[in-house]
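First comes the structure, then the notes that go with it.
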Amino acid sequence: MKKSILFLTVIISLLIISCNNNSDFIKARDSINISDLERCVRALGSDSFMGRAPFTKGEDITVNYLAEQLAEIGFEPAFGDSYFQDVPMVKISSNVLNPVRFSGTGREFKYSTPDQLAVISPRTTTWIDIENSDMVFAGFGIVAPEYGWNDYEGIDVRGKTVVVFINDPGLYTGDTTLFKGTEMTYYGRWTYKYEEAARQGATGILIIHETKGAGYSYTVPRNSSVSPNLFPRSADGDPSKCLFTGWISAESADELFSSMGMNVSLLRKDACKKGFRGFPLDLKISLNIKNEIEYSTSKNVAGILKGSERPEENIVYTAHWDHFGIGEKENGDSIFNGAVDNGTSMAWELSIGKAFAALRNRPARSIVLLFPTAEEQGLAGSLYYAENPPLPVEKTVACLNNDLLLPMGRMKDVMITGYGQSELDDYVKRAAAEQDRYITGDPDSHTGMYFRSDHFSFAKKGVPSLFARGNTNSREFGKEWASKMVKDYIDNKYHRTSDNYEPEKWNFEGIREDAQLAFTIGYQLATSNSFPKWKSGSEFAKLRK
Ligand SMILES: [Zn+2]
């Protein structure tokens, strides 16, 4: 009798605790509000932040603002007694001496940069002189054991220059059993191709540009090759990079290959076949690059709300703080305010943090709010954090990132960029259903967006990482309208001085819902024991320790 009374008491008190926890959670979730989001975007997107470029006064203003906000919502400094993590970086401006020369038996070509070739040197060496480097064609430049694929098998590229195609074979064949079909895998990204070529010991790499495979026109690599590039500073003097990297325009590649009796599109077809072998080309390349090198330090900003039971285990939210500063005038405006990129996501993240801090019962695991620097410059800040985290990376349960949250009102969908990568999809699905929303993949998954924002730096370290937001279906105006809004932003505002906060046009309700969704997912992770896993087909599964 006594035993059963005791048992009942235990059950009842457990029920009361779980009921309290549930109302605690709901209260915190529902405290996420539009006026907080609005206030934050108004500040971060204002001219006084000077476009938030690393190494400028705009950086100081931005990182100080974020640190103040973190303190105000009750997050402690994440790096000892500081909210700041110094990120040592190097800024390299590469000047290629024109022309770049190609020579083969009885043939010679001179191409100019940046219109025919977009080339830089990522090395911290002032002069890069390449004389007659042998060229090798290496298919898609991919080594992917899980797909039984090795474009470098049987060819020696040490000290040579490789030429490869962009994207991966799945895109061009439409064969869903080849890689991930039309969805780009990391093997399709230019960053991967540069990394792999360096691992193989190549001196240089040229990617043949093609708009569909790249996801953008040749103008994009062209323009970024003539502006300075920021890299994390490496202690080893960066021998792990090729001496030069870059792209060759489709027209120039056509001319070069047809001079050797080859046709680029037929070659691409061949390179998509399993068992295709790369081969040496009857071609050598010569080029000279002068690098201007500048060392500097930028800052990541992060705060932590320590977990009550297992503070080492943590969930990281990310939204990069940097943008492009002040540049050329366009329509009378020279400040890159980046209100959407990435003002709205920083507001999203701070709102989520504030909700966590409002909980009466602290979750068992810690919550980290990270604002990385230099995302626009190849994810440098988040890569540095993932290499040098204040809490062990293997105890980092998940990363929830956001970028480019459009203020277009409530959405029916939650678009998961990188859908199918990890079990986090299932968390999104449940949380979305509670909001009467459904999940969907990225309709433009062939552009590899999953590899183009800060969550990817965590994925590279094996941490399941999520990039999810409402983006394709407006509750009020439907799908077509939503895709028009996205297109309008990309065509007219993305990375331009017109990315401004426009109070009369903006509707924050969808961003509030996205914040509540991400809070819900983070809360479930922070109060549980489990570690979500990568799905078996993911290229990151092998990286999780
Ligand atoms: Zn961004």
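Just so you know, all these numbers are worked out from the coordinates, no wet-lab data involved. Given the structure is predicted, the values throughout are model-derived calculations rather than measurements. Every residue, glycine among them, receives a Cβ derived from its backbone with ideal geometry; neighbour counts consider all protein chains shown.
Under the rule a/c < 1.5 gives rounded, and otherwise a/b versus b/c splits prolate from oblate, where does the chain land using the Cα gyration tensor? Prolate is the answer for the chain, as a/c is 1.5 or above and a/b outweighs b/c.
When the pairs Lys212/Lys269; Lys57/Lys493; Lys429/Lys542; Lys429/Lys487; Lys460/Lys484 are compared against a 21 Å limit on Cα-Cα distance, Lys57/Lys493; Lys429/Lys542; Lys429/Lys487; Lys460/Lys484 fall above it.
Residue order for Tyr83, Tyr494, Tyr216, fewest other beta carbons within 10 angstrom first, comes to Tyr216, Tyr494, Tyr83. Helix 57-73 and the long axis of the chain differ in direction by around 30°, with both axes built from C-alpha atoms.
Gyration tensor over the Cα atoms of region 141-287: the corresponding equivalent ellipsoid has semi-axes (square roots of 5 times the eigenvalues, largest first) of 23, 18, 17 Å.
Restricting attention to region 91-293, close to 70% of DSSP beta bridges with both partner residues there are antiparallel.
Of all aspartates and glutamates in the structure, those lying under 16 Å Cα to Cα from Lys180, and not within fewer than 8 positions of it along the same chain, are Glu146, Asp168, Asp442, Asp444, Glu539.
For Lys354, the aspartates and glutamates whose Cα falls under 12 Å of its own Cα, not counting residues fewer than eight places away in the same chain, are Asp30, Asp36, Glu72. Normalised by the number of residues in the chain, the mean separation of alpha-carbon contacts (under 8 Å, six or more apart) gives a relative contact order of 20 percent. Counting only DSSP beta bridges whose two residues both lie in the chain, roughly 65 percent are antiparallel.
State the antiparallel share, in %, of DSSP beta bridges confined to region 389-545, rounding to the nearest 5. Approximately 40 percent, going by the DSSP bridge assignments. Measuring nothing but how far apart in sequence close Cα pairs (under 8 Å, 6+ apart) lie, relative to its length, region 91-293 scores a relative contact order of 40 percent. Mean residue ellipticity, 222 nm, helices only, the chain: the sum of -39500 (n - 2.57) across DSSP H runs of n ≥ 4, divided by residue count and rounded to 500, is -9500 deg cm²/dmol.
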